[in-house]
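The values are calculated or read from the model by the stated rules, or taken from the named source; none is laboratory data. Everything quoted here is computed from the prediction, not taken from an experiment. In this analysis, Cβ positions are derived from the backbone assuming ideal geometry, glycine residues included, and neighbour counts consider all displayed protein chains. The protein model used for the area step is the full one, side chains on, heavy atoms only, and it has no ligands, DNA or RNA in it. Shrake-Rupley method; radii C 1.70, N 1.55, O 1.52, S 1.80 Å.
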Amino acid sequence: MSAFDQLLGGFIVALSWKNLGLCLLGCVWGTAVGVLPGLGPMAGMALLLPVTFSLDPSGGVIMLAGIFYGAMYGGSTTSILLRIPGEAASIVTCIDGYEMARKGRAGAALSIAALGSFVGGTLSIVGLMLFAPYLADIMLSVGPAAEAVMMAVALLIVTAVSTSAPRKTFTMICLGLLVGTVGLDSITADQRFMFDNMALAEGLSFVALAIGLFGLSELLLSASDKVLERPAVPRMRDLIPSASEARQAIGPALRGSGIGFVFGVIPGVSHIVSTFVSYAVEKQISKHPEEFGKGAVAGLAGPETANNATTGSAMIPLLILGIPAIPSTAILLSALQNHGVQPGPLLLTQNPEVFWGLIASMYIGNIILVALNLPLVGIFVRLLQTPMYYLTPIVLFICFVGVYSVNGSGFDLAVLTAAGAVGYLLRKFEFDVAPALLALVLGDRMEAGFRRALTISKGDYAIFWHGPAVKIFWLLLLIAVIARVLAVRKGKVALQQN
C-alpha cells in the first residue's frame, strides 16, 4: 500500500465525528493555553493527559497533538499585542510583532502570524510524511559532542539576532550562561550558587525569567515613559496584510519552514532555537537589516513559521525512534505507552491507524486553527484599546497566575518580580534581553553535551573533531563566523556604531 493510500486511511480515522471533535477540543484548549503566559504546550497537554486514558489511542494522541500545535499558534497573540511571550518559543515574536502593533498594524501582524503558522505546520507535516524514515537514520549520528558544537553555533547566531551592540549582546549571553549554572549539577548533584536555598535546586524558572524580562519590564517602561496612547482598532480590511507585507512574508515563511523542520528533527534541540536561527537568517540576508527590531515583517513571519514547523518534524524522532525530540512530545509518548502503543520502527506496521491518523489530524488541525484564529483577530486587537490603567493590573494578574501555575511556587513569583526590575534597568540602558534567555536555554544543553562527550572519550578532546555530524556543525560554525565578519564589514549590523 502506497503512502498516499495510507494517508487516505488516516483521514478516515481523523474525520470520524469523535476524533474530529477531539481535534477541535485540543486546538481550542491549546490556543487558550498559548495565549496565557506561563503555561505553554507541555503544561496544557499535561493537564488533559488523564482525559486520554478513557479514549482509544488514535483519539487520545489526536487531542494532545491539537493542544501541542494549538499552543504554538496561541503563543504569538500576547507577544504581538502586549510584548509578553505566551510561551517560550514566542520570545522572538515579541521583537517585531509588538513593534508592528505599535504602528497600528496589529491586525496584519496577527494575520501574518496565523498564516505563517499554517504554512510552517502544513509543510512540516508533508516533510514528516515523506522523509520520516530517512531522517530517523540521520538523527542517530547526533551524539553529545555534535550537540555541544551545535549549541555553540546557535549562541554565535544570537549575535546576529540581537538588536543591541555586539559588546552588550556578549554581556547578555554571559549573563544567561551564568544564570543557567544555578541549581544542582546535572551529573554530580553538587550545589552551584544555591546558597543552601533548596528552592533553587532546579535552577531559576525560565518562565518567570522570560515573562519578567519581557512582560513586566514592558509595563514598567510604559509607566515610566507615560505611554498612554494605544493603536486604533483596525477596520476589517486592515486585518488583511497589504500586498507589500504579503510579499515580504512569503520568502521568510518558506525559509522558516525549512529551518523549523530541520531543528524539530534533532532530539533535544528546542523549537526556541529554530525561531532565533530564522530571525538571524532573515536579518543577515535582508536588504534593510536596520528595520529589524522596528516592525520588520520578515522578523515576524520567519520565526513564527519556524516555530510551528517544528511541530511536524518533532514527531519524527517520537514516532520512528520513540525519542521525544522536545519536552512536549514526551507527553505524547506517555499517552501512547499508556495504551500499549510503543513508538518506534514497528509503529507503521503494528499500529498504522495511529501513525496515519495523527498525520491526517495535523492537516485538519492546521485548518481548524486558521479558522479559529483569523476571525478572532479583531477581538484580540481591541485589547489594545483598553486604557493602560485598566490593562496593567489585568496583565500583571495574568503574568503572576501564569508563573504560579507552572510549579505552584511562591519563590517563582519573587523571581518574576526581580526579573521585571532587572529587565527594566537593562532595557533602559539599551541592552537586548533576548540573548540572555536563549543562552539560558542553550547553556545547560551545551554543558551537558560537552561533559558527556568527555566522559565517553575518557577526557580526550579529539572527540569534538570526529564523526560526520560534528564536522557538519563545525562547518556551520565557520560559515556563521565568516558571515558575521562580512556583515560587520558591509555595515549590515546597524547598531555596530553604538
Practice item. Working carefully through the options G75, G66, G70, G59, find the one that is of a type outside the set (S, T, N, Q), assigned to a helix (DSSP H, G or I) and more than 26 Å from Q337 (Cβ to Cβ). Key: G75
Check your understanding: Filtering segment 80-94 down to residues that are open to solvent by 10 Å² or more (accessible area, probe 1.4 Å) and in a helix (DSSP H, G or I), which residue is modelled with the highest pLDDT?
Key -> L82
Check your understanding: Here are some residues: A232, A223. Which one is in a loop (DSSP other than H, G, I, E, B) and modelled with pLDDT under 75?
Key -> A232
Study note, to complete from the structure: Per the filter on segment 290-315, residues assigned to a helix (DSSP H, G or I) and either surrounded by fewer than 24 Cβ atoms within 10 Å (Cβ to Cβ) or in contact with an Asp or Glu (Cβ under 7 Å, 6 or more places away or on another chain) (or both) are E290, E291, V297, A298, G299, L300, G302
Check your understanding: Taking segment 187-207 as the region of interest, how many residues are small (G, A, S) and surrounded by fewer than 13 Cβ atoms within 10 Å (Cβ to Cβ)?
Key -> 2
Check your understanding: Does any residue of segment 321-333 turn out to be at pLDDT below 75, touching a helix residue (DSSP H, G or I) at 6+ places or on another chain (Cβ under 7 Å), farther than 27 Å from I482 by Cα and of a type in the set (S, T, Y)?
Key -> yes
Review point. How many residues are in contact with a Phe, Trp or Tyr (Cβ under 8 Å, 6 or more places away or on another chain) and at pLDDT 80 or above if we restrict to segment 198-215?
Key: 1
Review point. Which ones in segment 69-79 are open to solvent by less than 10 Å² (accessible area, probe 1.4 Å) and farther than 13 Å from L25 by Cβ?
Key: Y69, A71, M72, Y73, G74, G75, S76, T77, S79
Check your understanding: Regarding A296, is this residue among the hydrophobic types (A, V, I, L, M, F, W, C) and either closer than 17 Å to S79 by Cβ or touching a helix residue (DSSP H, G or I) at 6+ places or on another chain (Cβ under 7 Å) (or both)?
Key -> yes
Review point. So which residues in segment 186-216 are part of a strand (DSSP E or B) and either under 20 Å from the mean Cα position of the chain (by Cα) or under 15 Å from G443 (Cβ atoms) (or both), if there are any at all?
Key: R192
Review point. List, please: which pairs have Cβ atoms under 8 Å, are six or more places apart or on different chains, and start with a residue in segment 206-220 that is farther than 12 Å from R83 by Cα and end with one that is open to solvent by less than 20 Å² (accessible area, probe 1.4 Å) and acidic (D, E)?
Key: V207/D412; A208/D412
Revision key, fill the gap. Only one of (1) at pLDDT below 75; (2) over 25 Å from G293 (Cα atoms); (3) open to solvent by 50 Å² or more (accessible area, probe 1.4 Å) does not apply to G467, and that is (3)
Point to revise | Hits in segment 273-289 - residues which are within 19 Å of I80 (Cβ to Cβ) and open to solvent by 10 Å² or more (accessible area, probe 1.4 Å) | key: K283
Point to revise | Single match in G116, G176 (criterion: at pLDDT 80 or above, closer than 29 Å to Y461 by Cα and small (G, A, S)) | key: G176
